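Undergrad: Please see the structure below; I have some questions.
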Amino acid sequence: MEPKNIGTVYSGLSLNQADTAYFDDQGEEIRIMPSVNVIKIGGQSIMDRGRSGLYPLIDEIVANKATHKMILGTGGGTRSRHVYSVAMDLGMPTGVIARLGTLISHQNAKILHMLMCKHGGVFVLRDSFEHLALYLHAGCIPIIEGMPPYEIYERPARGGRIPESRTDTGVYLLGEVLGARSVIFAKDEDGLYTDDPKKNPKAEFIPKISVSELIHRDLNDLVVERKVLELMQNARHVRQLQIINALKPGTLTRALNGEHVGTIIYAD
Amino acid sequence: MPTEPKLPGAESATPASPEAGVKIVIEQGRPRVHVESPLMMESLLDKQLIDRTYKEHEVPILPDVHLVHLGGQGTIDRGAEVLLPLVDEIVRNRLEHKILIGVGGGIRERHTFALATDLGLPTGGLAQLTGVICKQNATMVYYLLARHGGVRIARENFHKLPYYLNAGGIPVIVDMPPYHFWEHMPRVGRIPKHRPDTGSYLISEVYSCRSSIFVKDVDGVLTEDPKINPRAKLIPRVSASELLSMNLPDLPIERAVLEILQLARNRKEIRIINGLVPGNLTRALNGEDVGTVIYQ
C-alpha cells in the first residue's frame, strides 16, 4: 500500500534531498513580535553579583517599560559551572549536562521574577509561550529561562563535553524566531575583547565586528557562545546583536534606544 | 558475591580528601559570589578549558536497550498492511530484547511544513508545530501495543524508562526533538533540521543504547534513486562522512544525523532497514547484516 497522501507540494517528497529547490523561501517570513526587545541577563556576570549588580539593572529595566517592550532571559552562572564540573567528573554525557544547566537558568529566572513581580514581571514557561503576546500587551515583562529546550537532545559537543548551546544561544534564537526588534546581551564587560579582559589586561576592545570576521579570527576566548555566531549566519531577522556592560548605569537604556554602546556583532 | 561492574574511570578516581568540600568564594575586589569548582570564574568558551573537559568514556545509561525508530511516511502512513506485521514482530522480540520504540511524523508533518511555510512562519514556528504529528502516531502505536505491554512515555518521564523496560513493557516515545522555537535556521528554506530521525538518534547516543535502528520503506542507502534507476545498488556499510561527501540527491535519513554521528561518543553506528520485509527487524535486533549500517 502506498502512503496515504494529502496532496501538497511536499507529499511523497523526501525532506532529506540535497536539492532544496522545493523548500526555498516562499515569500516573506513574518516577524511574530517585531516590537519586542529580547535581553539576556548574564548569569555569572549579573545574577551572581546579587543586590549590587541586579538591583540597579532592574530599576533601569523598569524605567524603560513604558517605552520598550522587553522579554528577559536568564543565564546560569557559577552554579551551572559547579554542576557541569560535578556531572563531567561523574562521566555524564553532554545531553545530561545540558539538562542540569537548564535547571540553574530556571532558578535564576524565578529569582528575577520574584524581584520584578511588583513591576509586572511574569515567569513564563516554554509551554506557555502562546501567552507572551498577552503579557506584553498587558504591559508586563516576561521572564524566561535562557537555556534552549534541547536538554538530552543537545548535540554532542565538538570539543570537550560542555553543551555548546547554552543561554546565549537560547536567548538569541528566541529573538530570531520572534523577529524581535533587538537582541541585547547584558553582561559585565563593555563587550568583546581580543582575549578575556578579566585575565589579560592587554586585551583590546572590539566595538563592532562581523560574524565572518569573528569566526575567521578564531579567538581563544569569546564573550558570546560560538554557536550564536554560527546561527547568525543564517538569520532571517535578527542580523545583529549588541553585548553591553549592564553594570554601567544608562547603558541598557541607550542600547534599547538603538545606540552603539557595547560591541555590535553583525551577520554579513 | 559477584562484584558490580565499575563505571568507566571509577578505578582511576583519587580518593576524596577530607578537606575537599564545597566552598562559597567571594571574589576579591568584585562583588561576585562563586561556588568552588574547576570551572569557577572560567569562561566556558576558552578553548583550552573546553579541551580539558574531554573524557573518553561516559556513563552508559541504557546500554542494553535497542532504540527502534518507526518512520512516519515509511511505516505508519502505510496503515495496517505494514504496521500490524511490524507490531507483531516487535512483540515477538520483546522477550529477548529490550526495545524502546520511537515514532516519526510522515505526510501530515510535510503538509504542516507546506502550510506553515506558505503562511510565512519561521523555521522555529514549523518546529513548534510538527511534534504533535509524531504524538498522534505515537498514540496509535501505543494503542496497538497496549495489550502487549506498550506504554506511552512523555519526555518528562524518561527517567522512568528503566522501570517500564524491566517490567517487560514496550515504551513508545515521540521522536521529534524539542527544538521548538529554538530550531536552527537552515541556510535555504525553512524545513527544520532536527526532525524525528535526529531525535531518535540523539536519544540512542545520550543513553548509549545498544543499537539505533531506523525502520523505513527502503532497503537502506542506495547508490541512486531506485525510482529512477531500478538497478541502484544497496550500500551495506558506509561512514557518515563518506556518505555526506557522496552528495547523493536523496537520503533515507536526515542529514543532521550524519553530522551528529561524526561527533558521537557512545552510539557510533546506526542501521537503516526496510520494514516492509518481514523478519528484517528481528535480524537487525540480533545484530545480523541487514540494510545499511552508517558508522562514525
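Bear in mind these aren't lab numbers, they're just calculated from the coordinates by the rules spelled out. Keep in mind that what you see is a predicted model, and the values were worked out from it rather than measured. Glycine gets a Cβ as well: all are built from the backbone with ideal geometry, and neighbour counts include every protein chain shown.
Undergrad: Counting C-alpha atoms alone, how compact is segment B:53-184: give Rg to one decimal and Dmax as a whole number, in angstrom.
TA: Rg and Dmax of segment B:53-184, Cα atoms, are 16.4, 50 Å.
Undergrad: For segment A:132-268, what does the equivalent ellipsoid look like in terms of its semi-axes, each the square root of 5 times an eigenvalue of the Cα gyration tensor, given largest first in whole Å? Spell out each step's value before the answer.
TA: Details: eigenvalues 110, 86, 41 Å².
The three semi-axes for segment A:132-268 are 23, 21, 14 Å.
Undergrad: Same structure again: With the dipole of the protein assembly as shown worked out from charges on the C-beta (+1 for Lys and Arg, -1 for Asp and Glu) around the Cα centre, which of B:T292, B:L86, A:A203 lies farthest toward the positive end?
TA: A:A203
Undergrad: Can I ask one more? Could you state the per residue volume, in Å³, of the convex hull enclosing the Cα atoms of segment A:111-200?
TA: Details: hull volume 14.7 nm³, N = 90.
Taking only Cα atoms, segment A:111-200 has a hull volume of 163 Å³ per residue.
Undergrad: A follow-up question, please. For segment B:216-282, which GluC sites (Glu not before Pro) are both in a DSSP coil and crowded by at most 15 other Cβ atoms within 10 Å?
TA: Working: sites: B:E224, B:E242, B:E254, B:E259, B:E269; in loops: B:E224, B:E254.
The qualifying sites are B:E224.
Undergrad: Same structure again: In the calculated pair distance distribution of segment B:179-268, what percentage of Cα-Cα distances lie above 17 Å? Don't skip to the answer; put the middle values down first.
TA: On the way: 2229 of 4005 pairs.
Percent of Cα pairs beyond 17 Å in segment B:179-268: 56.
Undergrad: Show me the three semi-axes of the equivalent ellipsoid for the protein assembly as shown, from the C-alpha gyration tensor (sqrt of 5 times each eigenvalue), largest first, rounded to whole Å.
TA: Numbers: eigenvalues 343, 160, 94 Å².
Taking √(5λ) for each eigenvalue gives 41, 28, 22 Å, largest first.
Undergrad: How many angstrom separate the Cα center of segment A:87-113 from the Cα center of segment B:40-56?
TA: Here the answer is 16 Å between Cα centres.
Undergrad: Give, to the nearest whole percent, the P(r) tail of chain B beyond 31 angstrom, counting all Cα pairs.
TA: For chain B, the share of Cα pairs beyond 31 Å comes to 38 percent.
Undergrad: Cross-link partners among lysines for B:K160, C-alpha distance below 21 Å, same-chain residues fewer than 8 apart left out?
TA: Within the straight-line limit of under 21 Å, B:K160 reaches these lysines: B:K98, B:K135.
Undergrad: What is the ratio of the Cα radius of gyration of segment A:163-213 to 2.2 N^0.38 Å, where N is its residue count, to two decimals? Spell out each step's value before the answer.
TA: Working: Rg = 13.3 Å, N = 51, 2.2 N^0.38 = 9.8 Å.
Its radius of gyration relative to the 2.2 N^0.38 Å reference: 1.36.
Undergrad: Rg and Dmax of segment A:37-84 over Cα atoms: what are they, in angstrom?
TA: Rg and Dmax of segment A:37-84, Cα atoms, are 12.1, 39 Å.
Undergrad: Oh, and also: Within 10 Å of each Cβ in B:105-118, how many Cβ atoms from other chains are there, averaged over the peptide? Provide the component values of the computation, followed by the final result.
TA: Numbers: counts 1, 2, 10, 3, 2, 10, 7, 2, 5, 10, 2, 0, 8, 4.
Across B:105-118, the average partner-chain Cβ count within 10 Å equals 5.
Undergrad: Also: Using the Kirkwood radius built from alpha carbon pairs, what does the Stokes-Einstein equation give as D for segment A:145-184 at 25 °C and 0.890 mPa s, in µm² per second?
TA: Working: Rh = 11.0 Å.
Translational D for this selection: 224 µm²/s.
Undergrad: Determine the distance separating the Cα centre of segment A:140-156 from the Cα centre of segment B:214-276; give it in Å without decimals.
TA: 31 Å
Undergrad: Could you tell me the convex hull volume per residue, in Å³, taken over the Cα atoms of segment A:43-198? Could the numbers behind the result be given before it?
TA: Numbers: hull volume 20.4 nm³, N = 156.
Measuring per residue, one finds 131 Å³ for the Cα hull of segment A:43-198.
Undergrad: Which log10 I(q)/I(0) values does chain A give at q = 0.10, 0.13, 0.16 Å⁻¹ under the Debye formula, counting every alpha carbon as one identical point scatterer?
TA: -0.54, -0.89, -1.28
Undergrad: Considering only DSSP beta bridges with both partners in segment A:111-268, what is the antiparallel share in %, to the nearest 5?
TA: On the way: 6 of 16 bridges.
Beta bridges within segment A:111-268, antiparallel portion: roughly 40 percent.
Undergrad: So which GluC sites (Glu not before Pro) in segment B:42-78 end up in coil per DSSP with only 10 or fewer other C-beta atoms within 10 Å? Please list the in-between numbers first.
TA: Working: sites: B:E42, B:E56, B:E58; in loops: B:E42, B:E56, B:E58.
Listed in order of number, the matching sites are B:E56.
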